[in-house]
């Protein structure tokens, strides 16, 4: 299940760019996923909810339809 690797890479990217500085909890992550990406939406949501990072324990992942074959973060809501 490569969705765990994807979730971890998203987390790493957010941390490297300072988006998680001082963040205690992430409420939601909105992603655009291309229809040919090969990513299972349910597995990716499961991966986010089971990351070792406590901030993502109860994250709700909203998926936006996307005709291209790419993943991009559109918006992140945090407390």
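The values are calculated or read from the model by the stated rules, or taken from the named source; none is laboratory data. Only a predicted model underlies this, so the values are computations on that prediction, with no experimental measurement involved. Note that we place each Cβ from the backbone using ideal geometry, even for glycine, and neighbour counts take in every protein chain shown.
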Sole residue being touching a helix residue (DSSP H, G or I) at 6+ places or on another chain (Cβ under 9 Å) and assigned to a loop (DSSP other than H, G, I, E, B), chosen from 20, 8: 20
Being in contact with a strand residue (DSSP E or B) (Cβ under 6 Å, 6 or more places away or on another chain) and in a helix (DSSP H, G or I) is the filter; apply it to segment 32-53 and report the residue that is farthest from residue 21 (Cα to Cα). 41
Exactly one of these conditions fails for residue 41: (1) within 19 Å of residue 4 (Cβ to Cβ); (2) modelled with pLDDT under 80. Give me its number. (2)
Segment 63-79, subset surrounded by 14 or more Cβ atoms within 10 Å (Cβ to Cβ) and within 25 Å of residue 22 (Cβ to Cβ), residue modelled with the lowest pLDDT: 76
All but one of (1) closer than 17 Å to residue 2 by Cα; (2) modelled with pLDDT of 70 or more; (3) not in a loop (DSSP other than H, G, I, E, B) hold for residue 29, so report the exception by its number. (1)
